[in-house]
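Just below is one structure, and these are the notes that go with it.
The values are calculated or read from the model by the stated rules, or taken from the named source; none is laboratory data. Since the model is a prediction, treat every value here as computed from it, not as a measurement. Here the Cβ positions follow ideal geometry from the backbone for every residue, glycine too, while neighbour counts run over all protein chains shown.
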């Protein structure tokens, strides 16, 4: 009996630890890495095509680890910094730090591990990536504070996300590239635009708590028009990127799909009807990244990229 009790007792910590890890992954919404990763891959693969026409799988793996590590740190820091605001917003009151499913200490531990993974992966890539890694961290921490001092925190988020493709290109070449900057700007403006849409659902809570955003300051219709404008600019930047990199028919087809997705997204979200906002935010934007990535890979393969 004593032995059996001991075995059971020894077995308890593992499920408990697993539960904490799962709760942390829910906290940082790890599955939403799908938004930024495809564009980092497009940048990395295009750079590889320009360098020697060959996919370098080790570098691509490190780019993946860097992206997921930095995004995990950013989300954990965001949730920690915003936990008191989240507790007073009905939409976010069920988040893990508010309910106690994840402790603040555990969240900081997870954030620290993710940051170490990011910095370690950057160090393995090349000296320039390591030197610039702290620069990439800054907007990730500034963003959650942004809603306390500016009506345009969406721009800070866009800047943070724009660094992904630029960093992926640097990981491959170790050199600065105007093409990467164009793609990074496209991603930043795109994500800033759909953050305008996402923020529309929190207007009442944000105004009550003094949280700043474009919808809270200027209203939902203005925010949706801002998002439309941002996505027009995104389209223009992607066209510029395609021309700058000599993209072929498959990439242009992917860009046509992106434009169609933008049009659909802005059709289903209206100032007086936000009921399909989550479909626009999660489904459509996830589809945009994956669709353009698939088309970009096909285009590079046709043009001679080899594995």
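Among the residues of the range 105-137, those identified as free of Cβ contacts under 8 Å to residues at least 60 places away in the same chain, closer than 21 Å to residue 27 by Cα and surrounded by fewer than 19 Cβ atoms within 10 Å (Cβ to Cβ) are 105, 108, 109, 112, 113, 116, 117. Is it the case, given these coordinates, that residue 102 is without any contact (Cβ under 8 Å) to a residue 60 or more places away in the chain and touching a helix residue (DSSP H, G or I) at 6+ places or on another chain (Cβ under 7 Å)? For residue 102, the condition - without any contact (Cβ under 8 Å) to a residue 60 or more places away in the chain and touching a helix residue (DSSP H, G or I) at 6+ places or on another chain (Cβ under 7 Å) - is not met. Taking the range 75-85 as the region of interest, how many residues are touching a helix residue (DSSP H, G or I) at 6+ places or on another chain (Cβ under 7 Å) and surrounded by fewer than 20 Cβ atoms within 10 Å (Cβ to Cβ)? Total meeting the criteria: 4. The residue that is surrounded by the most Cβ atoms within 10 Å (Cβ to Cβ), among those in the range 40-65 that are within 9 Å of residue 171 (Cβ to Cβ) and over 19 Å from the mean Cα position of the chain (by Cα), is 47. Scanning the range 74-99 for residues that are free of Cβ contacts under 8 Å to residues at least 24 places away in the same chain and either in contact with a strand residue (DSSP E or B) (Cβ under 6 Å, 6 or more places away or on another chain) or farther than 29 Å from residue 163 by Cα (or both) yields 87, 93, 94, 98, 99. If only residues of the range 241-262 that are under 18 Å from residue 283 (Cβ atoms) and either in contact (Cβ under 8 Å) with a residue 60 or more places away in the chain or within 21 Å of the chain's Cα centre (by Cα) (or both) are counted, the one that is surrounded by the fewest Cβ atoms within 10 Å (Cβ to Cβ) is 257.
Within the range 20-37, residues that are in contact (Cβ under 8 Å) with a residue 24 or more places away in the chain sit with their Cβ atoms under 9 Å from residues that are surrounded by fewer than 16 Cβ atoms within 10 Å (Cβ to Cβ) and outside any helix (DSSP H, G or I), at 6+ positions apart or across chains, in these pairs: 20/103. Regarding the range 36-57, can at least one residue be identified that is over 28 Å from residue 182 (Cα atoms) and modelled with pLDDT under 95? No: the range 36-57 contains no residue that is over 28 Å from residue 182 (Cα atoms) and modelled with pLDDT under 95. Between 137, 117, the distinction of being more than 17 Å from residue 211 (Cα to Cα) and modelled with pLDDT of 95 or more belongs to 117 only.
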